[in-house]
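Some notes on the structure that comes next.
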Amino acid sequence: MWRFTSLAAVAAVATGLLPWDETSDVTRRMAPILLFLVAITVLAELAEVAMVFDIAAREAVHLARGRTPVLFLLVAGLATLTTILLGLDTTAVLLTPVVLSLAAQLQLSPLPFAMVTVWLANTASLLLPVSNLTNLLALRRLHLSPHEFFTRMWLPTVVSVVLTVVVLGLRYHRDLRGAYEVPQHPGVTDRLLFVLTTLACLGLVPGIMLGGDPTIVVTVAAAALVVVFAVRRRAALRFGLLPWRLTLFVLGLALVVETVLRHGGDRVVAAVTREGDGLGTMLDVAGVGAVSSNLLNNLPAYLVVEPDAAGGGPSRLLALLIGTNVGPLVLLWGSLATLLWRERCKARGVEVSARHFAAMGLLGVPIVLVASTAALSLT
């Protein structure tokens, strides 16, 4: 996918479909986003090495005391926290294998745990700028502070997370009956490394909410953690930590979308959304974001609709975030996180069919989308 997108971007620039000055503008705008993507990926990968996700999941197993419904709720809380702090892709890639491994060890049905993880990877990604790349793009477009962003999005996040857990809990209630035997609690290999890594992850919230630029805060945290690992576990520092393919994909995608907008794409978007910033218009924009995310993938969908949404005020653009963050849960290619999640499920022998995934999405997404957008109108 990254090769195709990169080649398309190169072709657009080489043929003049996207002039060089606009190419430079897009690249400058995306530079902080790409730096953030590299830093958050390194931070998350090192957190996995330090067993942050494993230990958190084991603690959930022990706190639930053998009660499967309680474990489901605790896993939901862990997925929510991981998404908010480290982004939806981290939840999909790093938390999913841990959760599925625990389900297998405890002889529980993996489907409810797999589904709640991927759903919350998307629906919990509204709260902070670091939770989703689209949030970071919107923050910079609207020139909001992280605190202002949080103030507008906390209620939609609460609504989307609670409804996600309720909808999935009701759908899979039969799989969540019964109890499991609580295993012995294993120790931590390197307690100091675990503690410092956990602090680096948790420290993102105060760093950002106190006014720090999200890219700078995450980069500093990642750099500090690299220094810690250089002292404690140098072998973990490898070139593979850097998400260079994903970085090329995101930059190439931004250039391709800019080319599409330049040649009439903006007029198509404007034709399907109403003007204004009332609840009806916000639902329109959220709906367009959700449908286009499922058809195209959420990141290009956001980039295509963003110019039109931003022209109508903050509420429209934040409604678009709800559409592109909460909405892409009908088709498996709706978000990169969902595609990565499915790969991790297959690797663990858990097969979630496109039909089952779509049926769950068609049932739950409209409920979560409308309620979250209504909650946004109240902030």
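The values are calculated or read from the model by the stated rules, or taken from the named source; none is laboratory data. A quick note: this is a predicted structure, and the numbers were derived from the prediction, not measured. Cβ: placed from backbone, ideal geometry, glycine included. Neighbour counts: every protein chain shown. For the accessible areas, the whole protein counts, side chains as well, though only heavy atoms, and no ligand, DNA or RNA atoms are used. Shrake-Rupley method; radii C 1.70, N 1.55, O 1.52, S 1.80 Å.
Residues checked against (1) touching a Leu at 6+ places or on another chain (Cβ under 8 Å); (2) more than 22 Å from L336 (Cα to Cα):
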position	(1), (2)
A56	yes, yes
T80	yes, no
T90	no, no
F150	yes, yes
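Regarding L71, is this residue among the hydrophobic types (A, V, I, L, M, F, W, C), assigned to a helix (DSSP H, G or I) and within 18 Å of the chain's Cα centre (by Cα)? Judged against the criteria, L71 is not a match.
Restricting the first member to the range 304-317 and to residues that are free of Cβ contacts under 8 Å to residues at least 60 places away in the same chain and closer than 14 Å to R152 by Cβ, and the second to residues that are open to solvent by 30 Å² or more (accessible area, probe 1.4 Å) and among the acidic types (D, E), the beta-carbon pairs closer than 6 Å and six or more apart or on different chains are G313/D277; R316/D277. Pairs linking a residue in the range 80-99 that is in contact (Cβ under 8 Å) with a residue 12 or more places away in the chain and among the charged types (D, E, K, R) to a residue that is open to solvent by 20 Å² or more (accessible area, probe 1.4 Å) and assigned to a helix (DSSP H, G or I), with Cβ atoms under 7 Å and 6 or more positions apart or on different chains, are D89/L336; D89/L340.
Could you grab me the full set of residues in the range 14-28 that are in contact (Cβ under 8 Å) with a residue 60 or more places away in the chain and either among the basic types (K, R) or over 14 Å from L253 (Cβ atoms) (or both)?
L17, E22
Of the residues making up the range 343-367, those that are open to solvent by 50 Å² or more (accessible area, probe 1.4 Å) and either in contact (Cβ under 8 Å) with a residue 60 or more places away in the chain or touching a strand residue (DSSP E or B) at 6+ places or on another chain (Cβ under 6 Å) (or both) are R344, A347, R348, L363, I367.
Can you name the helices (runs of 4 or more DSSP H) wholly within the range 237-303 that have at least 2 residues being at pLDDT below 85 and either open to solvent by 20 Å² or more (accessible area, probe 1.4 Å) or on the phi < 0 side of the Ramachandran plot (or both)? Give the steps one after another, and end with the answer.
On the way: elements: 244-260, 266-271, 279-296.
Because the criterion is at least 2 residues that are at pLDDT below 85 and either open to solvent by 20 Å² or more (accessible area, probe 1.4 Å) or on the phi < 0 side of the Ramachandran plot (or both), the helices (runs of 4 or more DSSP H) in the range 237-303 that meet it are 244-260, 266-271.
Only one entry in A44, A14, A8 is more than 17 Å from T219 (Cβ to Cβ) and either among the basic types (K, R) or in contact with a helix residue (DSSP H, G or I) (Cβ under 8 Å, 6 or more places away or on another chain) (or both), namely A8.
Yes or no, residue by residue, for (1) buried (at least 24 other Cβ atoms within 10 Å of the Cβ); (2) of a type in the set (D, E); (3) under 27 Å from V250 (Cα atoms):
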| site | (1), (2), (3) |
| --- | --- |
| T83 | yes, no, yes |
| L86 | yes, no, yes |
| L95 | yes, no, yes |
| S101 | no, no, no |
| Q107 | no, no, no |
| F113 | yes, no, no |
